[in-house]
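As structure tokens, the structure follows; a few thoughts come after it.
The values are calculated or read from the model by the stated rules, or taken from the named source; none is laboratory data. These figures come from a predicted structure and were not determined experimentally. Cβ placement follows ideal geometry from the backbone for every residue including glycine, while neighbour counts extend to all protein chains displayed. Remember, those area values only see protein heavy atoms, side chains included, never the ligands or the DNA or RNA. Shrake-Rupley method; radii C 1.70, N 1.55, O 1.52, S 1.80 Å.
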Amino acid sequence: MNFNYIDYCQYLLNSHTNYTITNLANHLEKISHDTINRYLRTESLNSQDLWQNVQKKIVQNTAAYLIFDDTVIKKKYANKIELVRRQYSGIGTSSNSRNRNS
């Protein structure tokens, strides 16, 4: 079984709590973590790829915004932002950053 950008985009769209490739591999038969990791290192995914997968599902509304941000920046002193969740990135994995409540 091959792994491709459609598989990855569908996972990102449908996963609500855990976006790691380990979690993805745990839910796919015959696709390992290493296969997904290798794919993501060599493939160049862009916003057009994502847009092709979600365009038909977007409900247009002038009072709403849809924001995709895959930036991983350590925000040591950031305040809590409504509707934004913390996602483990592996950056700055001191015991304080892992045990802090959001």
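What the table shows:
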| read-out | value |
| --- | --- |
| First in segment 40-58 and under 17 Å from ASN4 (Cβ atoms), second anywhere and open to solvent by less than 80 Å² (accessible area, probe 1.4 Å) and part of a helix (DSSP H, G or I), Cβ under 6 Å, 6 or more apart | LEU45/TYR5; ASP49/TYR5; LEU50/CYS9; ASN53/CYS9 |
| Conditions (1) modelled with pLDDT of 75 or more; (2) open to solvent by less than 100 Å² (accessible area, probe 1.4 Å); (3) not charged (D, E, K, R); number of the one not met by ALA78 | (1) |
| Options ILE67, ILE31, ILE36, ILE6: the member that is open to solvent by 60 Å² or more (accessible area, probe 1.4 Å), farther than 25 Å from GLU82 by Cα and either part of a loop (DSSP other than H, G, I, E, B) or out of contact with any His (no Cβ under 6 Å at 6 or more places or on another chain) (or both) | ILE6 |
| Of residues in segment 11-23 being more than 16 Å from ASN37 (Cα to Cα) and in a helix (DSSP H, G or I), the one most open to solvent (accessible area, probe 1.4 Å) | ASN14 |
